[in-house]
Every structure is written in structure tokens, then in C-alpha cells.
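Values in this text are rule-based calculations from the coordinates and carry no lab data. Only a predicted model underlies this, so the values are computations on that prediction, with no experimental measurement involved. Note: ideal-geometry Cβ built from the backbone for every residue, glycine included; neighbour counts use all protein chains shown.
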Amino acid sequence: MRPLLAVSAAIDLINEKIGYVCNLLVLAACVVSAANAMIRYAFGYSSNGWLELQWYMFAILVMFGASYTFKRNEHVRVEIFYLFLSERGQLWLDLIGTLFFLIPACLLLAYLSWPFFLQAYAVSEMSGNAGGLVRWPIKFVIPSGFVMLALQGVSEVIKRIAALQGQLTIDAKYERPTQ
């Protein structure tokens, strides 16, 4: 189990670094948005490239932020059963849900989105808007984001199995967000 926990730690580290970049992208998206609005209203100039850059940053945040959010156990849950289970029951539910639903769905979506990226790359797809950006790099974010989420799922499965065997203590307690 120790080698698997090392793999899990490596995946966690990668997604932690990705999360850090996503946090910086939030700031960058705000700065680009504010600068674009100021330039548009102050100087009457606007560029589709800046608008598309905001969209690209948002897409990266969503696709890669999912694996980071999953790593931190801050993802959305269906609480109907989860809150009524013991800690061990919650570990089992997390394990089964991740193993049989999350990982297969992510791998399927990565597989299905790969040709979408390849086609855009093959033709060097560009935005149809004047001053727009190259499209294929952002289309690569779709399959790679799903792969990263599936990898984080593998990490979580490893940690849940280790916790169920008593080899690891994880803080997987879910707290309902205050609204």
C-alpha cells in the first residue's frame, strides 16, 4: 500500500500546484476584465482577444479547478444518504462513487473530447471573431481537465482504501456549507 500512497501523494501535489495556478487565474481574470472595461469606456477601444482571454481563463479554472476542489473535499455532494452514514460508511460511499461513477465518467468524457481537440489542432483553428485567439489550446483543456479529475479520483480511491484498512487517517468529514 505504501507505493500506492506515494502515487496518491504525487497526484495530490500536482493538483495542489494546479490549484495554486487556478487561484492566480482568478486574479488575472479580474484584472483583464477590469482593464478591458476601463479601456473600452475610457478610450472607446475593445478587443475580442481580451474577451476571449477571459473566457479561456474561466474554462481553465473550471476544468482544472475541479480536480483541486475534489482534492480538498470541497466538491458538491448528494447529502441524502451521506450525512446519515458513519465515518466508515462515508468512506465506502466515497470509494464506490469515485471508482464506479466519477473515474469512468471522466475517462469517457476525456476520450470523447480528444477528437474535438485533435480536429482543432489539425486545422490550427482560430476564433471566428476579428482579433480573436487561437482555439486549439483551449480545446486541449477539456480532455486534460477530465484526465486530471480522474487522476485525483484515483488518488482519493487509494486514500479511502488505506483509511478503510486503518493505514491512514484522512479528514474526509463533509460539512454542509453555510448559506
Distance in nm between Tyr111 and Phe84 label points, each 7 Å along Cα→Cβ, equals 3.5
Expressed in nanometres to one decimal, the distance between label points 7 Å along Cα→Cβ at Arg40 and Leu99 is 5.0
Within region 85-179, DSSP-loop trypsin sites (Lys or Arg not before Pro) with at most 11 other C-beta atoms within 10 Å are Lys173
Checking region 24-87 for chymotrypsin sites (Phe, Trp or Tyr not before Pro) in a loop per DSSP with at most 11 other beta-carbon atoms within 10 Å yields Tyr45, Phe84
Scalar couplings 3J(HN,Hα) for region 81-96 by Karplus 6.51 cos²θ - 1.76 cosθ + 1.60 (θ = phi - 60°), nearest whole Hz, x for Gly and Pro, are 9, 4, 6, 8, 8, 5, 4, 5, x, 5, 4, 5, 5, 4, 4, 5
Sparse-neighbourhood loop hits (GluC sites (Glu not before Pro), region 1-77; DSSP loop; Cβ within 10 Å at most 14 others) -> Glu74
Summing +1 per Lys or Arg and -1 per Asp or Glu among the other residues with Cβ less than 14 Å from Asn15's Cβ gives 0
Candidates for Rg/Rh (Cα atoms, Kirkwood Rh) are (i) 1.07; (ii) 0.96; (iii) 0.94, and the calculated one carries label (i)
Only helices counted: for the chain, with every DSSP H run of 4 or more residues adding -39500 (n - 2.57) and the sum spread over all residues, [θ] at 222 nm is -25500 deg cm²/dmol
For Lys159, the aspartates and glutamates lying under 17 Å Cα to Cα, once residues fewer than eight places off in the same chain are dropped, come out as Asp12, Glu16, Glu74, Glu87, Asp94, Asp171
The helix 136-164 Cα axis meets the longest alpha-carbon principal axis of the chain at an angle in degrees, between 0 and 90 and rounded to 10, of 10
Contact order relative to length for the chain, counting C-alpha pairs under 8 Å separated by 6 or more residues, stands in percent at 32
